[in-house]
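The values are calculated or read from the model by the stated rules, or taken from the named source; none is laboratory data. On a predicted model such as this, the values are computed, not experimentally measured, just so you know. Here the Cβ is made from the backbone with ideal geometry for all residues, glycine too, and neighbour counts use every protein chain on show. Quick note on the areas: whole protein, heavy atoms, side chains included, nothing else; ligands and nucleic acids left out. Shrake-Rupley method; radii C 1.70, N 1.55, O 1.52, S 1.80 Å.
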Number of protein chains: 2
Amino acid sequence: MGYGLAEGNGVLRLSKLTDYAVVVLTRLDEAEDGGVLTAPGLAASTGLGEPTVSKVLKTLSHAGLVEGRRGAAGGYRLTRPLGAMALTEVITAIDGPIALTACVDNAAGFCDAEARCPVRGRWDPVNDAIRRALSGISIADLAGVPAVVPHPEGEPRYAAAE
Amino acid sequence: MGYGLAEGNGVLRLSKLTDYAVVVLTRLDEAEDGGVLTAPGLAASTGLGEPTVSKVLKTLSHAGLVEGRRGAAGGYRLTRPLGAMALTEVITAIDGPIALTACVDNAAGFCDAEARCPVRGRWDPVNDAIRRALSGISIADLAGVPAVVPHPEGEPRYAAAE
DNA sequence: CTAAACCGTACCCCATTGGTACGGTTTGCA
DNA sequence: TGCAAACCGTACCAATGGGGTACGGTTTAG
C-alpha cells in the first residue's frame, strides 16, 4: 500500500500504522451520525485493508483515543476533538514511547557495554528537542480540517488544490 | 552490541551507525597527534568492531566530515571542530535525508494511492518542527567534551561521575 | 618491496514491521 | 430467541531494511 509515509527514507521514520491512524481519526472527525463509524466502513472509505483498520482502531481504543461500541449497531467514536488530541499521544499509542536512547529514559546503567561507553546519556538534548518540537502539534493540525470531504466513485483527487 | 541507542524502542529511531559515528567523531576530537587516528585504533579504543568502524568512517569521509589519508601512516582526521559540525549533517550522512514523508519533500504526486489520499502532504508541519529542533545541535553538544578520557585496562567506568 | 591503511562493493543474517487469520463476545433486530 | 454484524484478543506469517562482515584493490611510508 503506502499512503503518505516514506518507504525506507531515513531517520524519524514513524510507522505506517501511525499514518493510517491519523487518516482514520480524521475520517472519524468528519462523521456525522453521532460521530460513529464502523471499521469496515472506515476501511472502505479510506481504501485501507479492513483488518489493518481494525488493528489500528483497536490500538487507539486501548489508548483511550477512540471508543469502541460492540454489537450490531456498533462502531468507533472519538473521545476527544482532534484539536485536543496531541500527535504524541497517537505516536505513543501506535509506536510506543518516544525515546531515542535506552540509557537515558529507562533504567540508567543497563548498557551491555557500560564500561568504556563514551557517550552515556548524551543523547538526551536530542530527546528533549524532539519532544519539545512534537508537543503542541495536534491531529487537527495535520488534518487540515477540510471537513466532510466526500469520496464518491470516480476519482476524488484531493491533490487538485491550488 | 548496542552502545547508547535503544533496541527497538519506537519512533525517531536513528540507526546505531549514527550513534557509532558520534562516538568515533568524539574520539577523533580527543586525538592529539595532528588529530589523526586509524580505523583499527579507533575500533580498539571504542570497543566497536573494526569493519563497522571502517564503514562509519568511510561514510563520514564521503560526506566530507572527516578526511582519510591512505598509506602506511594514514588515518582519519576531522575536517572541522565538533562545535561547527551539526548533528543533522551526521544523521544525513549516515541515515539519509531527514524526512518523514515521501509525498512532501520528494517529487510530489507519486503516491500509489494518490486518489482518495486524505492527508496528502499534511505531515510537513511535523517535518519542519523536527528539523527546527535538530538544527542548532552540534556534535560538541552531544560529546560533553570530557576531553582525552583515557581508556586503560581494567574498567574505565565513565558513568561514575556524580 | 613490503606492510599498513584506506577504499569500494557486494553479501548475508536477523529483527522489526506490516498485514492477515481466527475464534470469541457483545448487541440490535426480526 | 436466533441471527447477523461488529468489536475484541491473540497469534501467526512474510518481507523489508539495517547491522555486520568479507574481499579484493589502491595508495603510501619506510
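Distances from B:Lys58 to the same residue in each other copy, label points 7 Å out along Cα→Cβ, in nm, shortest first?
4.4
Accessible area of B:Lys58, 1.4 Å probe, to the nearest 10 Å²?
Accessible surface of B:Lys58 is approximately 130 Å².
Taking a label point 7 Å out from Cα toward Cβ, give me the nm distances from A:Leu17 to the same spot in the other copies, shortest first, one decimal.
2.6
Taking amide H positions as placed in the peptide plane 1.01 Å from N, state which residues far from A:Gly47 in sequence (5 or more) or on other chains have amide H under 5 Å from it.
Distant-sequence amide H within range of A:Gly47: zero hits.
How large is ³J(HN,Hα), in whole Hz, for each residue of region A:57-66 in order, when computed from phi with the Karplus curve 6.51 cos²θ - 1.76 cosθ + 1.60 and θ = phi - 60°, using x for Gly and Pro?
Couplings: 4, 4, 5, 4, 5, 5, 8, x, 8, 10 Hz.
Which distances, in nm and shortest first, link the B:Gly47 label point to the same label point in every other copy, taking 7 Å along Cα→Cβ?
Reported distances to equivalent positions: 5.0 nm.
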